[in-house]
Amino acid sequence: MADSPQITVTRRLLFNAAHRVHNPALSDEENQRLFGKCNNPNWHGHNYTLDVSVRGTVDPRTGYVIDLSVLKRIVQDRVVERVDHRNFNLDVDFMKGVIPTSENIVVGMWRELAPAVQPGTLVKLVLWETSNNYVEYTGE
Ligand code: NI
């Protein structure tokens with residue numbers, strides 16, 4: 001075992017939000033062909049699950065990499081409260097100008113969270129849009 005073991009800890013948070021997957025640079029027909037039901041003009045919603053993973057060494061004083069209730073508060077303040085019960089196309093400042101697919105949402109959330117988890121390091125976000133579909137991002 002390493003002298004300073006690197007441990008990854010993960011906190012899960014849930015939220016729901018609306019969106020429309022639509023590229024305004026394309027015609028209505030092209031959008032419909034590419035995105036189908038997800039292009040519905042009157043929006044649709046998802047119950048999202050977000051898993052936030054932080055890696056670091058164990059603080060000898062606490063035995064924690066990061067207190068998971070502290071991590072929960074960071075994710076709540078920086079991301080969840082800005083998206084929960086909102087519309088990704090209209091309401092979320094960090095999603096301005098991008099198509100609100102899970103891919104783009106997870107990158108937007110990364111940018112909000114990565115600076116906030118020191119001395120740990122944000123190493124992975126997993127965003128579940130449905131129980132069948134999820135995306136992972138590791139900051140690359
Ligand atoms: Ni959708």
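The values are calculated or read from the model by the stated rules, or taken from the named source; none is laboratory data. The structure displayed is predicted, hence computed values, not measured ones. Using ideal geometry, Cβ is built from the backbone for each residue, glycine included, and neighbour counts are taken over all protein chains shown. Side chains included, ligands, DNA and RNA excluded: accessible areas come from the protein's heavy atoms. Shrake-Rupley method; radii C 1.70, N 1.55, O 1.52, S 1.80 Å.
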- Task: Could you figure out which of (1) exposed (fewer than 15 other Cβ atoms within 10 Å of the Cβ); (2) not in a helix (DSSP H, G or I) isn't true of Ile66?
- Result: (1)
- Please work out which residue is nearest to Gln6 (Cα to Cα), limiting yourself to the stretch 103-122 and to residues that are of a type outside the set (Val, Ile, Thr) and either touching a Cys at 6+ places or on another chain (Cβ under 6 Å) or in contact (Cβ under 8 Å) with a residue 40 or more places away in the chain (or both). Gly120
- Task: For the stretch 69-90, name all the residues that are surrounded by 14 or more Cβ atoms within 10 Å (Cβ to Cβ) and assigned to a loop (DSSP other than H, G, I, E, B).
- Result: Asp84, Phe88, Asn89
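For the stretch 99-108, does any single residue satisfy the condition of being open to solvent by 40 Å² or more (accessible area, probe 1.4 Å), within 30 Å of Leu26 (Cα to Cα) and of a type in the set (Gly, Ala, Ser)? If you could, list the steps in order and put the result at the bottom.
Residues of the stretch 99-108 open to solvent by 40 Å² or more (accessible area, probe 1.4 Å): 99, 103-104.
Retained after the next criterion (residues that are within 30 Å of Leu26 (Cα to Cα)): 99, 103-104.
Next, from what is left, pick out any that are of a type in the set (Gly, Ala, Ser): none.
For the stretch 99-108, residues open to solvent by 40 Å² or more (accessible area, probe 1.4 Å), within 30 Å of Leu26 (Cα to Cα) and of a type in the set (Gly, Ala, Ser): absent.
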- Item | Hits in the stretch 10-57 - residues which are hydrophobic (A, V, I, L, M, F, W, C), in contact with a helix residue (DSSP H, G or I) (Cβ under 6 Å, 6 or more places away or on another chain) and not in a strand (DSSP E or B) | Val21
- Item | Qualifying positions in the stretch 122-140 - more than 16 Å from the ligand (Cβ to nearest atom) and crowded, with 16+ Cβ neighbours inside 10 Å | Leu122, Val123, Lys124, Leu125, Val126, Tyr137
- Item | Matching residues in the stretch 32-54 - criterion: being among the polar types (S, T, N, Q), open to solvent by 40 Å² or more (accessible area, probe 1.4 Å) and either within 13 Å of the ligand (Cβ to nearest atom) or touching a residue at least 12 places away in the same chain (Cβ under 8 Å) (or both) | Asn40, Asn42, Asn47
- Message: Can you find a residue that is among the basic types (Lys, Arg), assigned to a strand (DSSP E or B), more than 27 Å from Leu26 (Cα to Cα) and in contact (Cβ under 8 Å) with a residue 12 or more places away in the chain anywhere in the stretch 123-133?
- Response: yes
